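The values are calculated or read from the model by the stated rules, or taken from the named source; none is laboratory data. Just so it is clear, the structure is predicted and the values come from calculations on it, not from any experiment. Note that each Cβ is placed from the backbone with ideal geometry, even for glycine, and that neighbours are counted across all protein chains shown.
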Amino acid sequence: MLALSCLMAAAMWVWVQKIAIPHQMAESAELGTPRGNLSDLYPRWLGARELLLHHRDPYAADITREIQIGYYGRLLDPTRPHDPKDQQAFAYPVYVVFLLAPIIGLEFLAVQKLLFWILAAMIAASVPLWMDALRWRASFATKLTWIVLALGCFPAIQGIKLQQLSVVVAALLAACMSLLSRRKLVLAGILLSITTIKPQLAALPVVWLCIWVLGDWRSRRRALFSFGFTMAVLVIGGELILPGWIGEFRHALAAYYQYTGGGNSILDVALTPLPGRIATAIAIAAFVIVTWQVRREPETSAAFQWTMSLSLAITLAVIPMFAPYNQLLLLPGLMVIVRVLSQTWKRSRLARFFVVVTAVAVLEPFASAAGLVVALLFLPAQTVQKGWGLPFYPSLAIPLTILALLWISKAALESGSGPLTNAGTLRQPATSE
């Protein structure tokens, strides 16, 4: 399995470097589309540098113009039909500058090289952290296999290539959940507050934490207190360096969804907007109800692990964007599924159907990438590049199939036969002192 995972990861990296990127470069040259440095970190880095070093408003139009020149290589021209719509404005909470402060004095080329290795290390480290949160005492070979696959999947490669802060948030969430499982509540609350640099990714985990804390207020309240205190420090600190930043952030976020055509979740795309929004409301309501039912479960229980994973899987389905790099948050849900796979397979035909569909969705990108890389050995590059998008085809399906199978796996956990259930089941919430 380790050897196979290495081959799969290598194929994905070669596909990105030798097929996907050359195709995109050729297409951009043909259409006159600017590429620039293609770093999603750049707008945040430049905004942080200008705010902290020169006291300029990162949300202002003049900073947005400077960001465009650095990111795309020139200003965007609305009269050019093939110019990107994304203005690359500073659309983050202002307190993200505190996280970026250590690197604002570096040249951005050095930042890019440094971040490549930092983000790769964060992805690799998140695997044992998620396993720790799930109380999975896996062998070294198993851990290494998961690390290789995590580093070799397209969401990870895209996140590293774009220097996406979603990778940082995913790693922080893994560390937070690992700390919670070890009863390090204060540190867990602090890390969770930092993940709110991406509010859309942190919202449901925060809701889950609040409900879980209410299940045993006396012994768990430190997690909520540390989260609230750190959030207050971040928000007030942001107000001190940029008064009125909250209003500016709201306007920047609204503009972002407008010029990127965002605002649609995966459920909206799969079901069309109105049914998608209804499904979103149902999914969130069901999540809150289930979380409330198991709120008294300890951090060592299967219920804790399952609802933690569910909060991230539902997040990917309901947030108004579907960038593949966010799918790193599906890692704990996939681990839960794998651990109870044999029990889930035996449950019903529906369970077996979703096992097969999920396996195909998750493995198809690796298989397609490998096929294209092999074809590159025998066919001209231009011919192979015509099929460059094959590994993208399951991108929208992966979050939904994992969410569905994770929900179905609840039955295996409730039966008390799965490997997660040695610490507690989902059927009868444990009482806490």
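Test Leu242 against the criterion of being modelled with pLDDT of 95 or more, in contact with a Pro (Cβ under 9 Å, 6 or more places away or on another chain) and not hydroxyl-bearing (Ser, Thr, Tyr), and give yes or no. It is true that Leu242 is modelled with pLDDT of 95 or more, in contact with a Pro (Cβ under 9 Å, 6 or more places away or on another chain) and not hydroxyl-bearing (Ser, Thr, Tyr).
Could you check how many residues of the stretch 190-214 are in contact (Cβ under 8 Å) with a residue 12 or more places away in the chain and either surrounded by fewer than 20 Cβ atoms within 10 Å (Cβ to Cβ) or among the β-branched types (Val, Ile, Thr) (or both)?
Qualifying residue count, the stretch 190-214: 13.
When you look at Pro93, is it under 25 Å from the mean Cα position of the chain (by Cα) and at pLDDT 90 or above, yes or no? Yes, satisfied.
Of the numbered criteria (1) surrounded by fewer than 19 Cβ atoms within 10 Å (Cβ to Cβ); (2) farther than 25 Å from Met131 by Cβ, the one Arg296 fails is (2). The residue pairs whose first member lies in the stretch 78-91 and is in contact (Cβ under 8 Å) with a residue 24 or more places away in the chain and closer than 22 Å to Ala48 by Cβ, whose second member is surrounded by fewer than 18 Cβ atoms within 10 Å (Cβ to Cβ) and not β-branched (Val, Ile, Thr), and whose beta carbons are closer than 8 Å, counting only pairs six or more residues apart or on different chains, are Asp86/Tyr259; Gln87/Ala255; Gln87/Tyr259; Ala89/Ala255; Ala91/Leu253; Ala91/Ala255.
Residues to consider are Ser193, Ser181; find the one that is more than 30 Å from Glu364 (Cα to Cα), of a type in the set (Ser, Thr, Tyr) and at pLDDT 95 or above. Don't jump to the end; show me each part of the working.
Working: Ser181 fails: at pLDDT 95 or above.
Exactly one of Ser193, Ser181 is more than 30 Å from Glu364 (Cα to Cα), of a type in the set (Ser, Thr, Tyr) and at pLDDT 95 or above, namely Ser193.
Filtering the stretch 345-366 to residues that are under 30 Å from His23 (Cα atoms) and without any contact (Cβ under 8 Å) to a residue 24 or more places away in the chain leaves Ala359, Leu363. Of the set (1) hydrophobic (A, V, I, L, M, F, W, C); (2) crowded, with 19+ Cβ neighbours inside 10 Å; (3) out of contact with any Phe, Trp or Tyr (no Cβ under 7 Å at 6 or more places or on another chain), all apply to Val360 but (2). Within the stretch 67-84, not a single residue is within 21 Å of the chain's Cα centre (by Cα), modelled with pLDDT under 95, more than 30 Å from Arg339 (Cβ to Cβ) and not small (Gly, Ala, Ser). Within the stretch 215-227, the residues that satisfy the criterion of being over 21 Å from the mean Cα position of the chain (by Cα), buried (at least 19 other Cβ atoms within 10 Å of the Cβ) and assigned to a helix (DSSP H, G or I) are Arg220, Ala223, Leu224, Ser226. Somewhere in the stretch 50-68, is a residue farther than 24 Å from Val384 by Cα, of a type in the set (Gly, Ala, Ser) and without any contact (Cβ under 8 Å) to a residue 24 or more places away in the chain? Looking for residues that are farther than 24 Å from Val384 by Cα, of a type in the set (Gly, Ala, Ser) and without any contact (Cβ under 8 Å) to a residue 24 or more places away in the chain, one finds at least one in the stretch 50-68, hence yes.
Quick grid of which residues meet (1) among the aliphatic types (A, V, I, L, M); (2) more than 29 Å from Arg220 (Cβ to Cβ); (3) modelled with pLDDT of 90 or more; (4) assigned to a helix (DSSP H, G or I):
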site: Arg347; (1), (2), (3), (4): no, yes, no, no
site: Phe354; (1), (2), (3), (4): no, yes, yes, yes
site: Ser368; (1), (2), (3), (4): no, yes, yes, yes
site: Ala375; (1), (2), (3), (4): yes, yes, yes, yes
site: Ser409; (1), (2), (3), (4): no, no, no, yes
site: Ala412; (1), (2), (3), (4): yes, no, no, yes
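Selection over the stretch 133-155 of residues that are under 16 Å from Gly333 (Cβ atoms) and assigned to a helix (DSSP H, G or I) gives a count of 5.
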